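The values are calculated or read from the model by the stated rules, or taken from the named source; none is laboratory data. If you're wondering where the values come from, they're calculated on a predicted model, not measured in any experiment. Cβ atoms come from the backbone with ideal geometry, glycine included; neighbour counts cover every protein chain shown.
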């Protein structure tokens, strides 16, 4: 129960956040001014660095100037300068006096993940985006205020660069630097991120959380929420015993949990008895039964939408607020409503350009500004912000759904390049997700975890590797793909593509697949998104870390 002091602090924090949100909503009707201010902030960070001097950024004041000064950039274009910053040469990329708090790690090539610099200006921008998102969310759900928050974040200091700069998950830095009144209601301590084993860490998070009044859970990937709920159920005997005795004994933990963390735990026999009763009544332990949830917050766009039925199965029929299109490189959108995957462009977090998707592979594509995009069309996102990334091809594909003031409402569709074409069918991940959903609905099943992979043969085809899969599901997916993609249908009817081949997987196969990709990509488990479509037809035949199963 919140005390008077917490209520006063919450009121002060809310007034501040409300002012932040008010400025954000005003910016949606003054996009040109907001983008100009974002450009000035971004240029101030890099203008004095070696990279900026080489491109004459001291003479840049408008987007037209910037387009003339530098072409579009990929991470590999700028990696040498970032590597020098990691080695201690901050001036290679940044103006004098810039402090680099950490490098946010993101998936790159198999051997070299991306390191995104996090200067002070970017910390402020990233926090402002979360504050804007949070105040809208809590305004819509006031019953969640001053109640428990289950949030899952990684370590910001998973490793260190040659110069000793922390490298890890930016979510970890955000959690540690969050306002005190918010941190007070986190139900699991940030130090749990130091537990290496994912299953043990998620069990520990649930051990701390299950005994509290949790109002909502927030994480990037909905599969994390599903896994946490599943682990608490699978380990219910251990969980109930730990709650009864005031202990923490994670399964499979190779290292001891620090005693200072465990000291905060107290025996709670009454809660343990409640959980035993709920398990008997429902046949399992699920968050929908032991918490009074207001909502959950996670990604819902692109392939993430496939997880929503299983999320509801564990967490209940509660509103789901998409957390927006955001990456280690920065935030793109802020969703304004529940159960909607689209969000409005965060015009204050950076400067945005959009490549028409049909020009994605062009060596010199055109770019449109935020007010120049067209409803119904798809674009690849280009951003310039205070990370030091300028005209950077983020290459997430978004579709314009409408407008909020002068700002586009964007829905994340897929990662750029997430297209498979064995016979010219140009199959996309979003089409696969839609086909799988239709097939499952038609068969009356839900919660199928899967990967659809390209497969060479005579003719080539796609193989469906899925838990509890059978030939009926394969045929239903094949039919649904024909309905989703005319080119796929044409090539199936002409014999240029064979029917979907089903390869049943056990849960361990899928977990091994996930673990291998996480390791190969060098990304944190919290940042990992399982691909629904694999376009490399040799993926499962390569003798490499990408091959978790035969």
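Residue 45 meets the conditions (1) at pLDDT below 95; (2) in a helix (DSSP H, G or I); (3) surrounded by 19 or more Cβ atoms within 10 Å (Cβ to Cβ) in every case but one. The failed one is (1). Where strands (runs of 3 or more DSSP E) fall wholly inside the stretch 422-516, the ranges with 2 or more residues that are farther than 27 Å from residue 397 by Cα and not assigned by TED's automatic domain parsing to the domain that holds residue 314 are 501-505. On the basis of being assigned by TED's automatic domain parsing to the domain that holds residue 228, part of a loop (DSSP other than H, G, I, E, B) and crowded, with 22+ Cβ neighbours inside 10 Å, does residue 265 make the cut? Here the answer is no, as residue 265 does not meet what is asked.
Look through the stretch 342-363, keep the residues that are at pLDDT 95 or above and part of a loop (DSSP other than H, G, I, E, B), and return whichever of them is surrounded by the fewest Cβ atoms within 10 Å (Cβ to Cβ).
Keep residues of the stretch 342-363 that are at pLDDT 95 or above, which gives 342-356.
Next, from what is left, pick out any that are part of a loop (DSSP other than H, G, I, E, B): 346-350.
Working: 346: 28, 347: 26, 348: 22, 349: 27, 350: 29.
Per the criteria, the residue is 348.
With respect to the conditions (1) touching a helix residue (DSSP H, G or I) at 6+ places or on another chain (Cβ under 8 Å); (2) touching a residue at least 40 places away in the same chain (Cβ under 8 Å); (3) assigned to a helix (DSSP H, G or I); (4) more than 29 Å from residue 416 (Cβ to Cβ), residue 98 lacks only one, and its number is (3).
Scanning the stretch 274-288 for residues that are part of a helix (DSSP H, G or I) and free of Cβ contacts under 8 Å to residues at least 12 places away in the same chain returns 277, 280, 281, 282. Scanning the stretch 376-419 for residues that are closer than 19 Å to residue 31 by Cβ, touching a strand residue (DSSP E or B) at 6+ places or on another chain (Cβ under 7 Å), touching a residue at least 24 places away in the same chain (Cβ under 8 Å) and part of a loop (DSSP other than H, G, I, E, B) gives 385, 386, 391. In the set 162, 121, only one residue is more than 19 Å from residue 388 (Cα to Cα), at pLDDT 95 or above and not in a strand (DSSP E or B); that residue is 162.
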